[in-house]
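The values are calculated or read from the model by the stated rules, or taken from the named source; none is laboratory data. All values reported here derive from a predicted model rather than from experimental measurement. Glycine gets a Cβ as well: all are built from the backbone with ideal geometry, and neighbour counts include every protein chain shown. With ligands, DNA and RNA removed, areas are computed over all heavy atoms of the protein, side chains included. Shrake-Rupley method; radii C 1.70, N 1.55, O 1.52, S 1.80 Å.
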Amino acid sequence: MIIVKSREEIELMRESALIVSKTLGMLAAEVKEGVTTLHLDKLAEEFIRDHGAEPSFLGLYGFPNSLCMSPNAQVVHGIPNNTPLVNGDIISIDCGAYKNGFHGDHAYTFEVGEVAPETKKLLQVTKESLYVGIREFKAGNRVEDVGNAIQKYTEAHGYGVVRELVGHGLGQKMHEDPEMPNYGKKGRGKLLIEGMVVALEPMINQGTRNIKQLKDGWTILTADGKPSAHFEHDVAIIDGKPELLSTFAYIYKALGIESNEEDEFRKVPLVI
């Protein structure tokens, strides 16, 4: 059952989402060669708690940490460890924060040092596909209109779209209805309506769409060992149109990147 949110609830969700955004922005300055993902996980947990929230992922379904940290061929759900990052790595950092009864949940794939050009392109196309999908998340459309847009955009570049893992509704629970796949057929799926809030998260592989799972019961890998990219935003339907609750602006500020990619999805300019 889709749980529609009131304007007041959406504003509470925006606060939770922005705590995640700020956490990812803090981490952006710390992602570098020689740093361990376990160290980054500890920084994130302290930061989230210092901002009056709780880490959403810690203990969720038994997950042992506050961040999902998935480098290179890991798609999602990687467990932080003591292996240092090395030059040329990419790493998806997926973060959640719970405050005022609601969750925020989004992700960004970071570059470590000098990354191969073909990997940079994967990251660029995957992030672009996120916004392609967000444009279709509007009242009157259907769930698979979003997935179809993401699938067409990424497959046109020869990439594989993961099928087994999808985006999801978001609210008082981390995972609510509806599931938001990154593939599909136009005109199919549940109707998108005013007040829906979802986490859209393309998980796109450089090679095959097929995946496998490590024996730890969490870590998902590409079946062919090629890199995978992952970007995620929290989005609400307000006045029939998609509006971002999360932002990558804190990341871009830390990395010295200028971008207006989010402007079309905000009624009021974001003040950093």
Report, by residue number, each residue of the stretch 191-201 that is within 18 Å of Gln151 (Cα to Cα) and either part of a loop (DSSP other than H, G, I, E, B) or out of contact with any Phe, Trp or Tyr (no Cβ under 8 Å at 6 or more places or on another chain) (or both).
Ala199, Glu201
Got a sec? Which of Gly140, Gly171 is among the small types (Gly, Ala, Ser), more than 23 Å from Leu12 (Cα to Cα), outside any helix (DSSP H, G or I) and at pLDDT 95 or above?
Gly140
Return yes or no: is Glu136 surrounded by 20 or more Cβ atoms within 10 Å (Cβ to Cβ), of a type outside the set (Gly, Ala, Ser) and closer than 22 Å to Ser259 by Cβ?
yes
Checked the stretch 87-126 for anything part of a helix (DSSP H, G or I) and open to solvent by 40 Å² or more (accessible area, probe 1.4 Å); matches are Pro117, Glu118, Lys120, Lys121, Gln124
Top-ranked residue of the stretch 174-190 - restricted to ones that are of a type outside the set (A, V, I, L, M, F, W, C) and part of a strand (DSSP E or B), ranked as least open to solvent (accessible area, probe 1.4 Å)
Pro178
Which one of the conditions (1) in contact (Cβ under 8 Å) with a residue 24 or more places away in the chain; (2) among the basic types (Lys, Arg); (3) more than 30 Å from Glu54 (Cβ to Cβ); (4) out of contact with any Leu (no Cβ under 7 Å at 6 or more places or on another chain) does Lys127 fail to meet, given that it meets all the rest?
(3)
If I ask for residues that are out of contact with any helix residue (DSSP H, G or I) (no Cβ under 6 Å at 6 or more places or on another chain) and surrounded by 20 or more Cβ atoms within 10 Å (Cβ to Cβ), which ones from the stretch 74-86 would you list?
Gln74, Val75, Val76, His77, Gly78, Ile79, Leu85
(1) surrounded by fewer than 24 Cβ atoms within 10 Å (Cβ to Cβ); (2) in contact with a Gly (Cβ under 9 Å, 6 or more places away or on another chain): which one isn't true of Cys68, the others all being true?
(1)
